[in-house]
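In what follows, a structure is listed as structure tokens, so that the remarks can point back to it.
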4 protein chains.
Amino acid sequence: MSHNSFGHLFRITTFGESHGVAIGCVVDGCPPGLALTEADIQGFLDKRKPGQSKYTTQRQEADQVKILSGVFEDDRTNGQVTTGTPICLMIENTDQRSKDYSDIRDKYRPGHADFTYDAKYGVRDYRGGGRSSARETASRVAGGAVARKVLDGIFIRGALVQVGPHKVNRDNWDWNEINNNPFFCPDAQAASQWADYLDGIRKSGSSIGAVVEVVASGVPAGWGAPVYGKLDQDLSSAMMSINASKAVEIGAGFGAACLTGEENADQIRMVDGKPQFQSNHAGGILGGISSGQDIVVRFAVKPTSSILTPRKSVTADGQDTDIITKGRHDPCVGIRAVPVGEAMMALVLADHKLRHRAQIGD
Amino acid sequence: MSHNSFGHLFRITTFGESHGVAIGCVVDGCPPGLALTEADIQGFLDKRKPGQSKYTTQRQEADQVKILSGVFEDDRTNGQVTTGTPICLMIENTDQRSKDYSDIRDKYRPGHADFTYDAKYGVRDYRGGGRSSARETASRVAGGAVARKVLDGIFIRGALVQVGPHKVNRDNWDWNEINNNPFFCPDAQAASQWADYLDGIRKSGSSIGAVVEVVASGVPAGWGAPVYGKLDQDLSSAMMSINASKAVEIGAGFGAACLTGEENADQIRMVDGKPQFQSNHAGGILGGISSGQDIVVRFAVKPTSSILTPRKSVTADGQDTDIITKGRHDPCVGIRAVPVGEAMMALVLADHKLRHRAQIGD
Amino acid sequence: MSHNSFGHLFRITTFGESHGVAIGCVVDGCPPGLALTEADIQGFLDKRKPGQSKYTTQRQEADQVKILSGVFEDDRTNGQVTTGTPICLMIENTDQRSKDYSDIRDKYRPGHADFTYDAKYGVRDYRGGGRSSARETASRVAGGAVARKVLDGIFIRGALVQVGPHKVNRDNWDWNEINNNPFFCPDAQAASQWADYLDGIRKSGSSIGAVVEVVASGVPAGWGAPVYGKLDQDLSSAMMSINASKAVEIGAGFGAACLTGEENADQIRMVDGKPQFQSNHAGGILGGISSGQDIVVRFAVKPTSSILTPRKSVTADGQDTDIITKGRHDPCVGIRAVPVGEAMMALVLADHKLRHRAQIGD
Amino acid sequence: MSHNSFGHLFRITTFGESHGVAIGCVVDGCPPGLALTEADIQGFLDKRKPGQSKYTTQRQEADQVKILSGVFEDDRTNGQVTTGTPICLMIENTDQRSKDYSDIRDKYRPGHADFTYDAKYGVRDYRGGGRSSARETASRVAGGAVARKVLDGIFIRGALVQVGPHKVNRDNWDWNEINNNPFFCPDAQAASQWADYLDGIRKSGSSIGAVVEVVASGVPAGWGAPVYGKLDQDLSSAMMSINASKAVEIGAGFGAACLTGEENADQIRMVDGKPQFQSNHAGGILGGISSGQDIVVRFAVKPTSSILTPRKSVTADGQDTDIITKGRHDPCVGIRAVPVGEAMMALVLADHKLRHRAQIGD
């Protein structure tokens, strides 16, 4: 058991604090012979990187990844490839501004983990949130980039589908729109609405929640396992482990509570000699095992608790106080959660691919 | 890694199929010296047992638990106590009606795991759903009863809070109502409404989804861990592992997507010399670690897919067909999910109590 | 992590005390579709069963195994087969003689785990050794029988190679002799010598240590993993986990300390177009990975501490005392360790087969 | 499960190849609040460092450790302390001599893991042995230094007790001698004999095996667990995971095979009001649980296979060949295994301390 590892056979172990020397992860269990360079990883990190638009934190971090181990190249390999040994990925922290942390050292910011970390550990690296900083998710994205290498033929895409009360219109859904706006929004019209809405949030020094959807296409039927190795269980664990995540659903999700058995069960017909489901309320998973349909997961991200409006709190030594969290924060931290959600999907699927192969063979 | 185990330091490993010889679980890691008899477990099993009302399946199972190991009594112990060695709990299957299963042997019931089990394993005990039957949850309830023994001073209660479109009115919430109706409903008025509504569902041979809420009071601040050992992550994994579960949320959950930072962050004030939160949007967990507030989890249960209306499907050998699932099924399987949700909460908390103690000491 | 589980992907979790209701294990991760009946398992249990000769304990136990789950048979399967779900194997305890345990309840038998169990747990099922009884090894043998099903083409055999100071003569080694004597001895001459020697031990109420050797043939090159998933590491863990085991060695083992690099390194030559090692000091494992040669493991079993000569000890409440352990004990417990060692070899190899397949594919 | 992690609750995950960018490890599960600086770790690394005498490899590596995460210091902490989050330790590889590796790229060195790595992975970083290099053990020593911080009051010491056929005389045992010779030898007379003996080995370009003994004093009674969490089982796994290790024994070890029950069982008497064992054949462990006596483990290290005498081998493409391994190798690699064995002892004990505390409290 490790509180800083995710996955079983394809596993990442992450380390590092927001303002320490470096963050990173060790990827273990990766099959050998997969082409892997730093550039393969960097592209995904750049999507998550802060400061890409005015809607995300203005902290400046290069988030430059370095592969320390687990790859090799000579004239007989197909470029640089994985060797099957652990791949250590390191990202040095460059924006360690010397600043005064006495405020968050002594006061518990409501909504943040300051109080609970102190309750647990009695000591806390409070600089920039330390280990509880969303900065840790860069390690997930780096690990997820390696996981994608294992998932040949599988296509993982994420989108922001709700910002505050404003949802995308699914009739407008166009995956190509994702990269045309700073929100990973698949609905051009919603993106435009969100821009205005988030300008207001940002200017008032407030923040707002959001919902992320991640879809994996091309997953064969049969991955996952019944009972406690359910694919949806592990996806749920994966998405809930993301900072600020408060809810997860698969397929129809909470909506399934309102459906009858007739409405909910996805009917099947033979099409071109193969069973084909006629709807996907299941989100691609039945009894914990993939059905071959798209795997569809959504998770809710709460608003960041770093806001300019004073909030009531207490100090570490038990005095009432008020606190304003200044600094370079995300008005909607859900935006940057999109590439993180994709990475977690990739990590779960890579792990389950190996777990399936172990018990069943290819 | 085990696909049939749940938990790390306090762990259950379950076994058994719906119509096999027996089901049960091995509870490992239990501290020694805790008073434990079969009667302590039986009470919880009886709450989950089928056939308690016309709103649950009429299958008749005694669900009589037998402790095979891990307990001991002599004149120096406080009655029968745990010894710290594995506790094997067995429930024999008594209602193994000889019936014709050829229909579900050859046809994939939409919404059920028939298709995916076959896709994975190539062989399947189809009698009564085999391993994918909700019958497996009896093992969870048995294991959860042992977990509660570890959680002295912690109070775990579950309720059904939504049936189809009908939610409880939280202003009417009364935990004492839970046992006054066959739905574990804390709102007497909603219970009465549900009775009518579910009569209609039942008589039409249909089924409906539901939402379960589980609350744990008395959990000290500090349990859980950051990053991949988050308490909410493990609760999410626990609840999503329950049969038919499609969604999980903690505290404000999906509602947090619509909240601003000001609304969402729970403010703190000193009360009687101790920090006290003034709201609980966090559901008792901040940064993956318990805050000392009530831990609040909800999960959505889809309608059972066993219904009397014919659904389109295919046969195992690739022919279009229609299927009706006759038998003794639950019109709202969410009802019996309430004690199961409580058990999973107990299992997660017992595990995290030991995990916390390991790293931090008491 | 589980203190009562062995293996990762092919895993057993054992339960039960010597004089409780039943002992057994849950086998998890077994591939589906393997023919498996109780008779397949019973044969191995019978080899380990007490009372087979005057050289083992006279306790009478039928050791009749019952499969509670994880298998299925219909007209389309090849007899009864595994389904890929957990296989629970139960052996009821039948020889629970009502006897007076007050002696071992209050006195710590030297060499036994009485003192350390009390130091750890504060409570102890002392009847027949409780959980520390060698009876637990029946569960290993049962689980090992299932593991063998996974190891098609691999041949696992064990032998007793030393009893007290008397070793087998390797020039006389004949695997066929194994079943011709009550010692699993491959050297007819040694077997005859041991018979006399052990008669003396037995009659004097004493006991003696032994060395067991287990060999696996047909393991392909490539199983295992470097660093902390070494095949020899897991074999070492497996053999040391057997009751009374005090030492393990692979290939040349402790003898390698006296060898030079020239003597120790197994040279290679092409034979019939394939690399062939010219000796096997490595015991079939290089860098933690199988080389395709026979895998050779030995482990030492200490003499049972239950003897008729009085030994100095203390009581649970801190008084000096003397103790004689009457009862039906093994003069050389190493004999019955042979089938147990074979089972542990099978469990390690089945696990590593699946672990290899997970990362590398077939 | 991870093939590159060791331990459960106190766990290291190592990474890196001999001639890659860096090696290191992530230490997870460390309790918070322990004083820890790079200097605390460096001292142990220096003991293992190559080039300390003519009896070890002349490779020059500074082995300078850098703590990347998991520690914190402010004016309220007791210097720099652990925070309970993962501690990443990195050692950059500085001696990456540009050299011609074509020989070991194409030829399988007998006794090395070249053949088996290729059989498993199909690709291999052959430079300096890559991942199979003993250089990985620097990560263990670094992790072990952190483990010692958890083991307040426990004293772990290692010694070389046999080189080739030459054993120490236990009557001469003096722990203070350990640092007076380049062999970690506790017997001054043996050290002098070994110096001559190893000069011969070294000059002839040969190598020789050895036996290491590691002793832990001050371990309380009660650590470990029965059946598959035995303290001796995990020590056995730990020591066998060390490069070149071929055998492990606890207490009397293989010698127990020759003992009678009377000789082997350690008798007990009350001394100063506490139970005291009168001998230690058990090596401090009974039934897998510590007895409070010294824990005594020995392991055999085979001679390094890198020698100057030509050995028969084959090429990767299946041709017979001869091979000489030039380079800077250890005539007796067992010497540098002493601090590695100590580190593995510390890692096992720190893990078991936390495992014990989880189940039992304290």
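Only one of (1) more than 13 Å from chain D (Cβ to nearest Cβ); (2) within 27 Å of D:Gly361 (Cβ to Cβ); (3) crowded, with 24+ Cβ neighbours inside 10 Å fails for C:Thr116. Which number is that?
Every condition holds for C:Thr116 apart from (1).
Please indicate, with yes or no, whether at least one residue in region B:237-253 is within 25 Å of A:Ile323 (Cβ to Cβ) and either more than 8 Å from every other protein chain (Cβ to nearest Cβ) or among the hydroxyl-bearing types (Ser, Thr, Tyr) (or both).
no
Can you name every residue in region B:134-161 that is open to solvent by 20 Å² or more (accessible area, probe 1.4 Å) and either closer than 17 Å to B:Glu213 by Cβ or touching a residue at least 12 places away in the same chain (Cβ under 8 Å) (or both)? Working first, answer last.
Narrowing region B:134-161 to residues open to solvent by 20 Å² or more (accessible area, probe 1.4 Å): B:134, B:148-149, B:152-155, B:157.
If the condition is that a residue be open to solvent by 20 Å² or more (accessible area, probe 1.4 Å) and either closer than 17 Å to B:Glu213 by Cβ or touching a residue at least 12 places away in the same chain (Cβ under 8 Å) (or both), then B:Ala134, B:Arg148, B:Lys149, B:Gly153, B:Ile154, B:Phe155, B:Arg157 are the ones that fit.
Which fully enclosed strands (runs of 3 or more DSSP E) of region B:292-362 have 3 or more residues being open to solvent by 10 Å² or more (accessible area, probe 1.4 Å) and more than 14 Å from chain D (Cβ to nearest Cβ)? Explain how you work it out, then say what you get.
Working: elements: B:295-301, B:311-314, B:320-323.
It comes to B:320-323.
Identify, from the list C:Asp320, C:Asp294, the residue that is modelled with pLDDT of 95 or more and out of contact with any Gly (no Cβ under 7 Å at 6 or more places or on another chain). Don't jump to the end; show me each part of the working.
Details: C:Asp294 fails: out of contact with any Gly (no Cβ under 7 Å at 6 or more places or on another chain).
Only one candidate qualifies: C:Asp320.
Given the condition touching a residue at least 24 places away in the same chain (Cβ under 8 Å), among the hydroxyl-bearing types (Ser, Thr, Tyr), open to solvent by 10 Å² or more (accessible area, probe 1.4 Å) and more than 9 Å from chain A (Cβ to nearest Cβ), answer yes or no: does some residue in region B:9-28 qualify? Write out each step before concluding.
Within region B:9-28, the subset touching a residue at least 24 places away in the same chain (Cβ under 8 Å) is B:9-12, B:14-28.
Now drop any that are not among the hydroxyl-bearing types (Ser, Thr, Tyr), which leaves B:14, B:18.
Now narrow it down to the ones that are open to solvent by 10 Å² or more (accessible area, probe 1.4 Å): none.
Checking region B:9-28: not a single residue is touching a residue at least 24 places away in the same chain (Cβ under 8 Å), among the hydroxyl-bearing types (Ser, Thr, Tyr), open to solvent by 10 Å² or more (accessible area, probe 1.4 Å) and more than 9 Å from chain A (Cβ to nearest Cβ).
Can you name every one of the helices (runs of 4 or more DSSP H) wholly within region A:96-167 that holds 3 or more residues which are aliphatic (A, V, I, L, M)? Full working, then the answer.
On the way: elements: A:102-106, A:114-121, A:137-150.
Helices (runs of 4 or more DSSP H) meeting the threshold: A:137-150.
List the strands (runs of 3 or more DSSP E) inside region B:211-291, counting only whole elements, that have at least 1 residues being out of contact with any helix residue (DSSP H, G or I) (no Cβ under 8 Å at 6 or more places or on another chain). Write out each step before concluding.
Details: elements: B:245-250, B:268-271, B:274-277.
The qualifying strands (runs of 3 or more DSSP E) are B:268-271, B:274-277.
Would you call D:Asp46 at pLDDT 90 or above and either at the interface with another protein chain (Cβ under 10 Å from one of its Cβ atoms) or outside any strand (DSSP E or B) (or both)? I'd like the intermediate steps shown before the answer.
Numbers: at pLDDT 90 or above: yes; either at the interface with another protein chain (Cβ under 10 Å from one of its Cβ atoms) or outside any strand (DSSP E or B) (or both): yes.
Here the answer is yes, as D:Asp46 does meet what is asked.
Out of all the residues in region B:100-113, is one or more more than 24 Å from B:Pro303 (Cα to Cα), open to solvent by 50 Å² or more (accessible area, probe 1.4 Å), in contact with a strand residue (DSSP E or B) (Cβ under 8 Å, 6 or more places away or on another chain) and in contact (Cβ under 8 Å) with a residue 12 or more places away in the chain?
No, that holds for no residue.
Sort out which residues of region C:52-61 are within 29 Å of B:Met90 (Cβ to Cβ) and surrounded by 14 or more Cβ atoms within 10 Å (Cβ to Cβ), and write them in order of number. Outline the logic, then answer.
Quick first cut of region C:52-61, residues within 29 Å of B:Met90 (Cβ to Cβ) only: C:57, C:59-61.
Correct list: C:Thr57, C:Arg59, C:Glu61.
Name, by its number, the condition in (1) open to solvent by 30 Å² or more (accessible area, probe 1.4 Å); (2) touching a strand residue (DSSP E or B) at 6+ places or on another chain (Cβ under 8 Å) that does not hold for A:Pro165.
That leaves (2) as the condition not met.
If I ask for residues that are free of Cβ contacts under 8 Å to residues at least 60 places away in the same chain and either small (Gly, Ala, Ser) or in contact with a Cys (Cβ under 9 Å, 6 or more places away or on another chain) (or both), which ones from region B:310-326 would you list? Give the derivation first.
From region B:310-326, those free of Cβ contacts under 8 Å to residues at least 60 places away in the same chain are B:310, B:318-320, B:322, B:324, B:326; that's our starting set.
If the condition is that a residue be free of Cβ contacts under 8 Å to residues at least 60 places away in the same chain and either small (Gly, Ala, Ser) or in contact with a Cys (Cβ under 9 Å, 6 or more places away or on another chain) (or both), then B:Gly318 is the only one that fits.
Quick test for you: out of D:Gly255, D:Gly261, pick the one residue that is over 21 Å from the mean Cα position of the chain (by Cα) and buried (at least 24 other Cβ atoms within 10 Å of the Cβ).
Working: D:Gly255 fails: buried (at least 24 other Cβ atoms within 10 Å of the Cβ).
It is D:Gly261.
When you scan region B:120-127, do you find a residue that is surrounded by fewer than 20 Cβ atoms within 10 Å (Cβ to Cβ) and within 14 Å of chain A (Cβ to nearest Cβ), even just one?
yes
Filter region D:73-95 for residues that are facing another protein chain (nearest Cβ under 7 Å), part of a strand (DSSP E or B) and crowded, with 24+ Cβ neighbours inside 10 Å and give the result. Show your work before the answer.
First, the residues of region D:73-95 that are facing another protein chain (nearest Cβ under 7 Å): D:77, D:81, D:83-86, D:88.
Applying the additional criterion that residues be part of a strand (DSSP E or B) yields D:81, D:88.
Scanning region D:73-95 gives a single hit, D:Cys88.
For region B:184-230: of the residues being farther than 21 Å from B:Ser245 by Cβ and basic (Lys, Arg), which is most open to solvent (accessible area, probe 1.4 Å)?
B:Lys203
May I ask you to verify whether D:Met270 is of a type in the set (A, V, I, L, M), in contact (Cβ under 8 Å) with a residue 12 or more places away in the chain and either closer than 30 Å to D:Gly111 by Cα or open to solvent by 10 Å² or more (accessible area, probe 1.4 Å) (or both)?
Values: of a type in the set (A, V, I, L, M): yes; in contact (Cβ under 8 Å) with a residue 12 or more places away in the chain: no; either closer than 30 Å to D:Gly111 by Cα or open to solvent by 10 Å² or more (accessible area, probe 1.4 Å) (or both): yes.
Here the answer is no, as D:Met270 does not meet what is asked.
For A:Gln233, state whether it is surrounded by fewer than 24 Cβ atoms within 10 Å (Cβ to Cβ) and either of a type outside the set (Val, Ile, Thr) or within 7 Å of chain B (Cβ to nearest Cβ) (or both). Talk me through it step by step, then tell me what you get.
Working: surrounded by fewer than 24 Cβ atoms within 10 Å (Cβ to Cβ): no; either of a type outside the set (Val, Ile, Thr) or within 7 Å of chain B (Cβ to nearest Cβ) (or both): yes.
The answer is no for A:Gln233.
May I ask you to verify whether B:Arg48 is open to solvent by less than 50 Å² (accessible area, probe 1.4 Å) and under 19 Å from B:Ile178 (Cβ atoms)? Quick ask: steps written out before the conclusion?
On the way: open to solvent by less than 50 Å² (accessible area, probe 1.4 Å): yes; under 19 Å from B:Ile178 (Cβ atoms): yes.
Here the answer is yes, as B:Arg48 does meet what is asked.
The values are calculated or read from the model by the stated rules, or taken from the named source; none is laboratory data. In this text, all values refer to a predicted model and were calculated from it rather than measured experimentally. With ideal geometry, Cβ positions are generated from the backbone for all residues, glycine too; neighbour counts draw on all protein chains shown. These area figures cover heavy atoms from the full protein model, side chains too; ligands, DNA and RNA do not enter into them. Shrake-Rupley method; radii C 1.70, N 1.55, O 1.52, S 1.80 Å.
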